[in-house]
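Where a number appears in this text, it was derived from the coordinates with a stated rule and is not lab data. All values reported here derive from a predicted model rather than from experimental measurement. Here Cβ is always computed from backbone atoms with ideal geometry, including for glycine, and neighbour counts include all displayed protein chains.
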Amino acid sequence: MVSRVIPVDTFDLVIFGGTGDLARRKILPGLFRRFLSGQMPSDSRVIGAARSELDSNGYRQMISDAIAEFGGDEKSDKDGLAAFLARLEYVTVDAKGENGWSELAKLMRKDIVKAFYFSVGPSLFGDLAERLHKHKIADANSRIVVEKPFGRDLETAQALNETLAAHFEEGQIYRIDHYLGKETVQNLMAVRFGNVLFEPLWNNHYVDHIQITVAETVGVGGRGAYYDRAGAMRDMVQNHLMQLLCLIAMEPPSQFGADEVRDEKLKVISELETVDAHHIVRGQYNAGGDGDSYRVDAENPRSFTESFIAMKCHISNWRWSGVPFYLRTGKRMKARTSEIAVVFKELGHSIFDGDSGTHQNILAIRLQPNEGIDMQVTIKEPGPGGMRLVDVPLDMSFAEALGDADIEVADAYERLIMDVIRGNQTLFMRGDEVEAAWRWTDPLIAGWEGRSDVPKLYDAGSAGPEDAMMLMHRDNRKWREVKG
Ligand SMILES: NC(=O)c1ccc[n+]([C@@H]2O[C@H](COP(=O)([O-])OP(=O)(O)OC[C@H]3O[C@@H](n4cnc5c(N)ncnc54)[C@H](OP(=O)(O)O)[C@@H]3O)[C@@H](O)[C@H]2O)c1
């Protein structure tokens, strides 16, 4: 199957922080793929902006090196690469001073889509917004893209929202959560709202519980200082896991429009109950394999910050009353995997005398690796010997079903940047959503900080601390295996 590529309008995209890790690793290699696919019009431009003293040729070399290091198979297309690099410019700009702004203003073209990616620390967002306005570089049709973390609590998130709102309308602000750009996350909505099969079962009559797991094998080395001030709750749960929870739990929007979807997500966050302290397990990884312990990686021998968290949440509405949502995320775990599993209830009565086992249908949505959807169904065990039942997966791997080429173009960042150019905010977080997420998160963090809770240690390469297993076992349930 060949995917249909619809070119976006011609644009000028300025990447503040264009020399940084995110720009070199994700944004520019992704734009190169969009360029090769024909989705980025060949008269569009990408303008790197940072303090480093470079000219446009120096920047092209930097990005050529980055694509060689981080790009995929497409980097072998030398002519394509040369054509893409020719679309790059660079301006030396200081977000905190006046240096470079009039050069940037001169470079921008009129009457085309202008987008500004703030790929810098959040402390610079206000300076950038103010100077874009002051130098008349942005106009009413311009968009800004802001990276996570969006605040570290409700107060700082509100302050950031106010800072941006001073110069941009909400409809111009694209708060990025790259999880929402993943193919499977959008497929989750297609599966729910595009099939007659699932929606009738999507409630507390049929669903036993839902599990969301985001497990990483890497530790915090390299970003230990930032991470130690954040922890898994701020770094992962408040944004990524919360967004997944919203998409799985939200009511059907009246249409697939930005505000319709985001209104429904906001309702889910507002309906999340406060989590009992006994339903939260925080962990820290021990040294293991060839890696150091969390405290060594974070360079904080007395750190109480969690590198793992598991919790049981409830949503207080008619659809989900009584259905637990178990969330789990951690670093240096057994395998790198992200998965949402909808575990349906057991049948009330079995007609098969010979079968002593219990069977549950499970719909598992895999975000990584190997994006796809897996439905566990119960069938007869093949062969003679009566009606013994067995649970087997009906596996739909997108790579197999649609062909590898289509999967390759589906990187979250490039998809989301194209949405910015199209002016489609559906897959971006609205300001009130982010604030609501912090409103739920803050008291939980204050709770364990107030009690000076010490995270439980877990072995690197495991599925997390034993207490996390107990969180499920107490309810006669079990986590799905963490496997890559
Ligand atoms: N890296 C990731 O995978 C990742 C993932 C999710 C979110 N993020 C977020 O994305 C943002 C960027 O992350 P990063 O990893 O790319 O950071 P980084 O590698 O430290 O890059 C920061 C960029 O900001 C520029 N910069 C710093 N001060 C500046 C100033 N006063 N004026 C203009 N430019 C300035 C730097 O260039 P000069 O030094 O040349 O000025 C550099 O290009 C952060 O908010 C981060 O939390 C990153």
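Grab the Cα-Cα distance for D353 and K456, subtract it from 0.36 nm times how many residues apart they are, and report the gain in nm with one decimal. Numbers along the way, then the final one.
Details: separation 103, 0.36 × 103 = 37.08 nm, distance 4.42 nm.
That works out to 32.7 nm of additional length.
Of the beta bridges DSSP finds with both residues in the chain, what % are antiparallel, to the nearest 5?
Working: 41 of 74 bridges.
So the antiparallel bridges in the chain amount to around 55 percent.
Given N residues in segment 49-192, what is Rg(Cα) / (2.2 N^0.38 Å)?
On the way: Rg = 17.5 Å, N = 144, 2.2 N^0.38 = 14.5 Å.
Ratio of Cα Rg to 2.2 N^0.38 Å: 1.21.
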Segment 1-62: Rg to Rh, with Rh as the Kirkwood radius over Cα pairs: 1.02
Please report the spacing between the Cα centers of segment 222-253 and segment 5-65 in Å, no decimals. 28 Å
Using only the Cα atoms of segment 61-101, each taken as one equal point scatterer with no solvent, compute I(q) by the Debye sum, divide by I(0), and report log10 of the ratio at q = 0.20, 0.24, 0.27 Å⁻¹. -0.66, -0.78, -0.89
Starting from the Cα of K75, draw a straight line to each of the lysines and keep only those under 20 Å, dropping any in the same chain fewer than 8 residues away. K26
Derived scalar couplings ³J(HN,Hα) [segment 467-484; Karplus, 6.51 cos²θ - 1.76 cosθ + 1.60; whole Hz; x for Gly, Pro]: 4, 5, 5, 5, 3, 7, 4, 4, 9, 6, 10, 9, 5, 6, 5, 7, 9, x
How many nm is it between the label spots at H133 and Q158, if each spot is 7 Å from the Cα in line with the beta carbon? 2.0 nm
Of the GluC sites (Glu not before Pro) in segment 54-124, those whose Cβ has at most 13 other Cβ within 10 Å and which sit in DSSP loop: E98
Given only helices, namely DSSP H runs of n ≥ 4 each adding -39500 (n - 2.57), what is the per-residue ellipticity at 222 nm of the chain, to the nearest 500 deg cm²/dmol? -9500 deg cm²/dmol
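Based on the alpha-carbon set only, what is the convex hull volume of segment 412-484 divided per residue, in Å³?
Numbers: hull volume 13.4 nm³, N = 73.
Dividing the Cα hull volume of segment 412-484 by its residue count gives 183 Å³.
For segment 271-354, give the magnitude of the charge dipole about the Cα centre (Cβ charges: +1 Lys/Arg, -1 Asp/Glu; no others), in debye to the nearest 20.
Numbers: 11 positive and 11 negative charges, 24 e Å.
So the magnitude is around 120 debye.
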Project the alpha carbons of the chain onto their principal axes and report the range along each, largest first, in whole Å. 79, 55, 47
Inverse of <1/r> over all distinct C-alpha pairs of segment 131-246, i.e. the Kirkwood Rh in Å, gives 17.5 Å
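Using just the alpha carbons, could you tell me how many Å³ per residue the convex hull of segment 202-251 encloses? Don't skip to the answer; put the middle values down first.
Details: hull volume 4.2 nm³, N = 50.
Each residue corresponds to 84 Å³ of Cα convex hull volume.
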